[in-house]
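Here is the structure we will look at, set down as structure tokens.
The values are calculated or read from the model by the stated rules, or taken from the named source; none is laboratory data. The shown structure was predicted, so the numbers you read here are calculated from the model rather than taken from an experiment. Please note: Cβ atoms are built from the backbone with ideal geometry, for glycine as well, and neighbour counts cover all protein chains shown. When the accessible area is computed, the model is the full protein with side chains, heavy atoms only, and any ligands, DNA or RNA have been set aside. Shrake-Rupley method; radii C 1.70, N 1.55, O 1.52, S 1.80 Å.
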Amino acid sequence: MHRSAAIDSSAARARRIAIALLACIAGACGVAAAADAPRARLHVPSPDWRDQVIYFAMIDRFDDGDPRNNDQGQHEFDPHSNAHYSGGDLRGLTRRLDYLRTLGASALWITPPVAHRWWDVQANYGGYHGYWGEHFQRVDAHFGTLRDYRTLSRQLHGRGMYLIQDIVVNHMANWFHYGDDWSADDPAQGFTLNPDAGGRHAPSQSPFDRNDPRDPAQRADAVYHWTPSIREHADAVQEHTFQLADLDDLNTESPRVRRALRDSYGFWIREVGVDAFRVDTAFYVPPRFFDDFLAADERQAPGVLRVARATGREDFLVFGEGFGIDRAFEDVQARRIDRYLRAPAGETALPSMLNFPLHGALLDVFARGQPPAVLAHRVRSMMQLHADPWRMPSFVDNHDVDRFLASGDEAGLRQALLALFTLPGIPTIYQGTEQGLREQRGSMFAAGYGSGGRDHFDATTPQFRFLQRAIALRRADRLFSRGKPTVLAAQENGPGAIGWRVEHETDAALVLFNTATHAVLVDALDTGLPAAARLTPRFDLDDAEFAPLQLDEDGRASVLLPPRSGRVWRLGEARVRVAARKPPQIAPILDQLWRGDIAVHGRAAPGSALRLVIDGNWDAAQRLRAGVDGHWQARIDTRAMVDAKQIHHAVAWSEREGASTRVAFRAARDWQLRADVADAAGDDHGREGRYRYPVEPEFARLHPQDLRRVRVYSAGGALRVEVEIAALSQHWHPANGFDHVAFTLFIGLPGRDGGARVMPQQHADLPADLRWHYRLRTHGWSSAWFRAEGADAQHEGTLTTPAALVTALPATNTVRFEWPAAAFDGISDWTGARLYLNTWDYDSGYRPIAPEPGPMTYGGGSPESPRVMDETAVIVL
């Protein structure tokens, strides 16, 4: 459809009114009203993207404004299945814009609306997500029409909001496949076409329809890289020229392909008024491609930034997806992302990339209970590494990763979101986060997949109200959208406090969190703010009242943070002279590695009340009183301290003076081997020996779910479990260092009643008479830790923290899991504990099983068969 389609006439108007009436009957009155309202502008100037808040919606899973387009007749529509279409469309988005505006979002990012392949028999999966393109210049029939898309754009602009379109430049859908006999010298060898349900063998758009290398002319055109799926992601040549997950890889070095891509996506800017692009799978395209895509000076198909400027958009944002999550204290993926943000002199780089490493750190700290120092490193790293982190969209979850609430709780989610709104980046909220959804691609509307049979557009829920407040904090004050953070403190040895100062021009704020389940004392924090300044309360996670913060003459503050809290103070005008305080004294602790309890002593005002606070834990602080001579003494219990590299702190706090002195020390208990259990090789075929791996080649090549050995250690109340497997795969660069396997570990504690026998979501019960009190479920990108309360066949139990510290040891094909004693409510003796471990694979749920295996489906069973590929016997310590 071209511009002529937008010309109105009386007949067209009559048709539109009739369609609007039908749509209203179908429940889309909001769309009808929007379509018939006075037209807002299609083209508007670019905003300052630093000040925006993005709402990300999957078109198919957001809202169904026109049920007539749901089923296109290729058996692709089934709202009961995550693999099929649910019926969401552009009209559904349009009629919910006031819901988004009420939340506070200022921009809407949508998944690709372009025409795409509807069903892939090989994958047994549908293209409802929009990333399997077949024509980049048409709106997909499931989503509506070009007019519907223009209406969405106009209605956004009329509300002062902006439109972001997801685009794909790396690949088309899976129209052809190569077998194991592929040859780089002969692209016809091993080649087969993969027709769709309608019998088509190729995209309908030129030149992408030229996809058969058996035809010499099409082979010579080289529209595609005639390659199989990536076999080794560490190989840059494969990463940029082989197929990602069997999706036909475009030859982005070809001038013809580049021209077609520029022409395709420039169309949406001109004809719909799109304000920004998100580029899918940017890592799989060479960085220098983007200079041409963005800035090519060609009259017939100019670069998209040139097209945008011609429509009055001087700051058209283009941000890429680089799915790379760093391990704690590493920057490998962050540097890889940054390479796409820099270009040789005279060339144009991507203006922005999604901040995946920040997402990983937010999960580690606020969902999994890892030390806040992990997030502190990430904040410092992104400020040092990236030239403009303020324009990098940041997020806590999206459609390609587990929901935050799949491994964290609501308190942690609120903390992660507040961090997002007080750090550089463009905060991005994935649909349903404001409603507490837990299903990765669950629908917002009642008839869609994973909705629970009800709509999720309630603007009165606690989570929605919280996000409203957090977004208002961000959008009302440029200090938070443009400020520079400086990390001031971060707990290094477990959950606890983290805080940063935010500064912009002459304004400043202090942001503090407590990730622990106990109150934490932040003592003598050097804020870097003016001496004797008074900080005024600005934001509390629970909207509770809290006190102003008074700095001393050195700009320091001490504050007691409630459990799982987050607070923001803003620098005020007043300066108050503060009387000097005399803190209690604590004698230095010898600089050595302590293997047992530590005796400490010091001096304070005679008879004064003190607290000895270890690592900020206020709830466990020892209450002391100085003698008549001012002397005091105590002992530090080190049973929970197992890492010799970690620094601990003891603080002597004076109740009367409100002042403290701290000393540092190191302590560790030795790890004791409690069990060493070998497992037979080659028994990764299920409980009855009939299971087969999915047909994805890495499974059969490595047998990554074949357990070989399990070793269990304890140190005081801490626990370590080392799992050796046949081979450790890192095929997809997983954040946890392994993929193609998920481990589920069940732990029964000695002397504890209760527990559960069910293995949630695995269609099985525990062997023997074992009952579990704690359960670990982990794979390459997530790690969740549960108590047994609330567990049944479908529900995993009650999320708790701290989750295991996960470490991959590739040299020995081993994965190590380590927990502090606090993860088990302070257990002191592991004798009699029982453990059971099994393997399968996981992707937003344990992967399915059927009689015959599929690309990511196990074979040899039924949908109700146990999800257990290999397992240990019950291990007794």
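General remarks:
- Nearest-ten-degree value, helix 373-385 long axis tilted from longest Cα axis of the chain: 50 degrees
- Considering only the chain, percent of DSSP beta bridges that pair antiparallel, nearest 5: 80 percent
- Glu439 accessible area, assembled protein chains, probe 1.4 Å, Å²: 60 Å²
- For Phe824, the accessible surface of its heavy atoms amounts to roughly 0 Å² (probe 1.4 Å, protein chains only, rounded to the nearest 10).
- On the stretch 449-519, 42 percent of the accessible area sits on carbon and sulfur atoms, based on a 1.4 Å probe.
- The stretch 143-179-the stretch 82-113 distance, computed between alpha-carbon centres (Å): 12 Å
- Residue ranges 232-242, 423-433 sort as 423-433, 232-242 when ordered by packing (mean number of other C-beta atoms within 10 Å per residue, highest first).
- For Ser81 and Ser206, a Förster radius of 35 Å and the Cβ-Cβ distance give a FRET efficiency of 0.55, rounded to the nearest 0.05.
- Relative counts (whole %) of C-alpha pair distances in the stretch 503-553, using bins that are 10 Å wide: 18, 53, 27, 2
- Solvent-accessible surface (1.4 Å probe) assigned to Leu745 amounts to roughly 10 Å².
- Rounded to the nearest angstrom and listed largest first, the equivalent-ellipsoid semi-axes of the stretch 447-524 from its Cα gyration tensor are 32, 21, 10.
- Listed residues Trp175, Trp671 arranged by accessible area, highest first, probe 1.4 Å: Trp671, Trp175
- On the beta carbon distance between Arg309 and Arg259, with R0 = 22 Å, the FRET formula returns roughly 0.70.
- Solvent-accessible ranking of His733, His201, largest area first, probe 1.4 Å: His201, His733
- Each semi-axis of the equivalent ellipsoid for the stretch 197-338 is √(5λ) with λ an eigenvalue of the Cα gyration tensor; in descending order they amount to 25, 25, 13 Å.
- Coarse-grained scattering of the stretch 421-486 at q = 0.16 Å⁻¹, given as base-10 log I(q)/I(0) from a Debye sum over alpha-carbon atoms: -0.62
- Solvent exposure, largest accessible area first (probe 1.4 Å, DNA, RNA and ligands not counted), of Val651, Val695: Val695, Val651
- Extension gain for Arg159 to His399 (0.36 nm times residue separation, less C-alpha to C-alpha distance): 83.8 nm.
- Measuring r between the beta carbons of Asp215 and Thr102 and using R0 = 56 Å, the FRET efficiency lands at 0.55.
- ³J(HN,Hα) computed for each position of the stretch 733-738 - Karplus, 6.51 cos²θ - 1.76 cosθ + 1.60, integer Hz, glycine/proline x: 6, x, 4, 8, x, 8
- Expressed as a whole percent, the proportion of Cα-Cα pairs in the stretch 626-784 lying more than 29 Å apart is 42%.
- Here the gap between Lys582 and Asp676, fully extended at 0.36 nm per residue and compared with their Cα-Cα distance, gives a gain of 28.4 nm.
- Here the Karplus relation 6.51 cos²θ - 1.76 cosθ + 1.60, evaluated at θ = phi - 60°, turns the backbone of the stretch 591-608 into coupling constants of 7, 8, 8, 8, 9, x, 5, 10, 7, 10, 7, x, 9, 7, 4, x, x, 6 Hz, with x for every Gly and Pro.
- Per-selection Rg to Rh, the stretch 171-211 - Cα, Kirkwood hydrodynamic radius: 1.00
- The alpha-carbon positions of the stretch 316-398 define a convex hull whose volume is 87 Å³ per residue.
- Hydrodynamic radius (Kirkwood) for the stretch 88-222, which is based on Cα pairs only, to one decimal in Å: 16.9 Å
- Degrees separating the helix 10-25 axis from the principal Cα axis of the chain, which is the longest one: 40 degrees
- A straight line joining the Cα centroids of the stretch 774-792 and the stretch 471-544 runs 31 Å.
- The stretch 290-345: proportion of alpha-carbon pairs further apart than 18 angstrom, %: 49 percent
- Cα-based Kirkwood hydrodynamic radius, the chain, one decimal, Å: 29.3 Å
- Placing pseudo-labels 7 Å out from each Cα toward the beta carbon at Arg342 and Ala236 gives an inter-label distance of 1.4 nm.
- Close amide-amide hydrogen proximity is noted between Arg403 and Gln440, each under 5 Å apart and 5 or more residues distant or on a separate chain (H modeled in the peptide plane; Pro and chain starts excluded).
- For the stretch 664-757, with +1 on Lys and Arg beta carbons and -1 on Asp and Glu, the positive-most of Gln672, Gly751, Val710 along the dipole: Gly751
- The stretch 727-877: C-alpha gyration tensor shape, a/c 1.5 cut-off, then a/b vs b/c: oblate
- Rh (Kirkwood; distinct C-alpha pairs) - the stretch 529-576, Å: 11.2 Å
- 0 to 90° range, to nearest 10: angle between helix 255-272 axis and the chain longest Cα axis: 80 degrees
- Pairwise label distance in nanometres, Glu655 with Ser862, each label 7 Å out on the Cα-Cβ vector: 6.7 nm
- Cα-derived Rg to Rh of the stretch 244-308, Kirkwood definition: 0.96
- Cleavage-rule hits (trypsin sites (Lys or Arg not before Pro)) in the stretch 339-416: DSSP loop, at most 16 neighbouring Cβ within 10 angstrom: Arg342
- Using the average count of surrounding beta-carbon atoms within 10 Å as a protection proxy, the listed peptides 94-100, 856-862, 594-600, 184-190 rank, highest first, as 94-100, 856-862, 594-600, 184-190.
- Taking max minus min of the alpha-carbon positions on each principal axis, the stretch 542-651 gives extents of 48, 36, 23 Å, largest first.
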